[in-house]
Amino acid sequence: MKKYNGVIKLAILLVLAPIVIWKLGLAQTVGLYQENVQLTNTVPENVDRSFHERSPPQTTPLLSNGILLQSFAANLTTENIKTVNYNPEVIDSEGGYSLYLGTWALTGRFVNLVRLVSQIEKQQLPLHISSVCFETTKPGREEKKLMMTVSFINIEK
């Protein structure tokens, strides 16, 4: 029996090792892969996969003509916030549409500036806030001022 002991262990290893590896490591992974393939191949009825058949986005000019500033003018006076600079610029344009980047620099108290950003987000305007940056300035002998720079991105026709 000692003579066949190594052969028996090798046979058990060759038969049991793949079964254990399958059960412990591969069965769940293969199942998840098959489920992923099935979900990827099924398209919900309400999703339109054709990009070319989509209508162009409905855009409202907010950055190029300063309507954004006018719509929040009342909030600026109530929150005691002052506009330092507003600069809309065209980043790219194609097919009658232009991608605008609007940079709006404001000064005021931190809480009031954050409250203004919150009010802008609650309006759900057809533009996106791409960045908000805070910095302190100390011009001359005056006290420190907090300046907030908000960058907006919008597609306009």
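List the pairs whose first member sits in region 69-86 and is closer than 18 Å to T103 by Cβ, whose second member is polar (S, T, N, Q), and whose Cβ atoms are under 6 Å apart, counting only residues at least 6 apart or on separate chains?
The qualifying pairs are I81/N112; K82/T107; V84/T107.
Given the conditions (1) closer than 20 Å to P61 by Cα; (2) in a strand (DSSP E or B), which single one is not true for M148?
Status for M148: all satisfied but (1).
For region 105-136, which positions are hydrophobic (A, V, I, L, M, F, W, C) and assigned to a helix (DSSP H, G or I)?
To start, the set of residues in region 105-136 that are hydrophobic (A, V, I, L, M, F, W, C) comprises 105-106, 110-111, 113-114, 116-117, 120, 125, 127, 129, 132-134.
If the condition is that a residue be hydrophobic (A, V, I, L, M, F, W, C) and assigned to a helix (DSSP H, G or I), then F110, V111, L113, V114, L116, V117, I120 are the ones that fit.
Of the residues that sit in region 74-124 and are among the small types (G, A, S) and surrounded by 11 or more Cβ atoms within 10 Å (Cβ to Cβ), which one is modelled with the highest pLDDT? Write out each step before concluding.
Of the residues in region 74-124, the ones among the small types (G, A, S) are 74, 93, 95-96, 98, 102, 105, 108, 118.
Still in the list and also surrounded by 11 or more Cβ atoms within 10 Å (Cβ to Cβ): 93, 98, 102, 105, 108.
On the way: S93: 86, S98: 85, G102: 89, A105: 93, G108: 90.
In this case the residue turns out to be A105.
For region 125-145, which positions are modelled with pLDDT under 90 and over 18 Å from the mean Cα position of the chain (by Cα)?
Correct list: T136, T137, K138, P139, G140, R141, E142, E143, K144, K145.
The values are calculated or read from the model by the stated rules, or taken from the named source; none is laboratory data. Model, not experiment: these values are computed from the prediction. In this analysis, Cβ positions are derived from the backbone assuming ideal geometry, glycine residues included, and neighbour counts consider all displayed protein chains.
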